[in-house]
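My questions will all concern the structure given below.
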Amino acid sequence: MDRIIRNFGGERSLEGEKPYAGVDAKVYPTYKCEGNCPFCLTEIRPKTREADTEQFLVNFSEEMRKYCEGGGRKVLFTGGEPTEAPDKLLGMLDELKKYQLDLVVLYTNGTNLLRSVELKDEKGVMLTLLKNHGLQNINMSVHHYERQKRLAISETVGKMDNENVFEAVRAEGINLRLNCTLMRDYIGSVGEVKRYIEWAVKCGIKDIYFRDLFHVENRNQRTTPGDKKKLSYTDDQRIDFNKLVADIQQDPDFEAKEQLSRHRDWGQTYIFLYKPTGIQVSFGTLVIGSERPDEATYFTINPNGKMTPNMNASEYSV
Ligand code: SF4
């Protein structure tokens, strides 16, 4: 049995260790996305080449074996927009049936879910194909309750008929969480958070995650070769996350439930009950770019199907 993983600065024996226990696998099947959101992290991080489906799935299978043997239990498909690579996505879902995992979730902007796709061996509506291949959880990005505001962030994504997509996801029996990015000109205050929750609950949503814009700490050219415009947008739109959480804690409509540390303390999540509607809402913040190269903070699988143990470090190999 292979008990060695790649590790930057050399290889390290894992005998007796579970290096990926509590570490999420973040899988990027493609960088492609029509969204062009002004804060898109895909355009900020370094990129690898994209492997074709066959090679990607061979590499994915090998990396997943290491991940699961190393104690990993959570697989997140993200991007880019993962549904832009449906053959990779369905192939990965099939591969993951081999393992006992705590969570497999698709992060998506939702725009392709109701589209018909024709693949090599099958065709149908994307959402139904995903369900048929075993998907049970979707985390959908919806950054405002007003259509005009959503359009201002992304014309492509903003055009989507959200309510219709939510209904279709529910009809398939798939769990749905909304992911809303906190921004100064959008959802960035307690009042706006409440308006968003009220709108979402009317749409039948029972789980919402409010996400702080990423804090990209390490900004040398090698680690963040990407779009400087996107970085400065995130700096301009970033709210005072700690103050927002403190305000929420003081607000009688919210009841604090739990605080979780993620990604070896680079991320924090605060979970509340929103009493007027009885749903759970979470607030998460994350710093990237300063992860230690000698321990796995993430299990990032890139569009070439290969793993790197961080999000943005200079050891990243292209
Ligand atoms: S939908 Fe997501 S992946 Fe696509 S541009 Fe927006 S932030 Fe980036």
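State which residue pairs qualify: first residue at positive phi and inside segment 126-145, second residue in a helix (DSSP H, G or I) in any location, beta carbons under 7 Å apart, and separation of 6 or more residues or different chains.
134/93
Looking at segment 277-298 only, could you name the residues that are assigned to a loop (DSSP other than H, G, I, E, B) and out of contact with any helix residue (DSSP H, G or I) (no Cβ under 8 Å at 6 or more places or on another chain)?
Result: 278, 289, 290, 291, 292, 293, 294, 295, 296, 297, 298.
Mind listing just one residue for me: the one in segment 193-229 that is modelled with pLDDT under 85 and assigned to a helix (DSSP H, G or I) and, of those, surrounded by the fewest Cβ atoms within 10 Å (Cβ to Cβ)?
Selected residue: 229.
Find all pairs meeting these conditions: Cβ atoms under 7 angstrom apart; at least six residues apart or on different chains; first residue within segment 276-290 and closer than 23 Å to residue 243 by Cβ; second residue modelled with pLDDT of 95 or more and hydroxyl-bearing (Ser, Thr, Tyr).
Qualifying pairs under 7 Å: 281/274; 282/209; 282/270; 283/270; 284/209.
Under the condition of being in contact with a Lys or Arg (Cβ under 9 Å, 6 or more places away or on another chain) and among the hydroxyl-bearing types (Ser, Thr, Tyr), which residue from segment 108-140 is farthest from residue 26 (Cα to Cα)?
Among them, the one singled out is 116.
Taking helices (runs of 4 or more DSSP H) that do not extend beyond segment 64-165, which have at least 3 residues that are surrounded by 14 or more Cβ atoms within 10 Å (Cβ to Cβ) and within 16 Å of the ligand (Cβ to nearest atom)?
Passing ranges, in order: 86-96, 147-153, 155-158.
The values are calculated or read from the model by the stated rules, or taken from the named source; none is laboratory data. Everything numeric in this text was worked out from a predicted model, so none of it was measured. Glycine also receives a Cβ, built like all others from the backbone with ideal geometry; neighbour counts cover every protein chain displayed.
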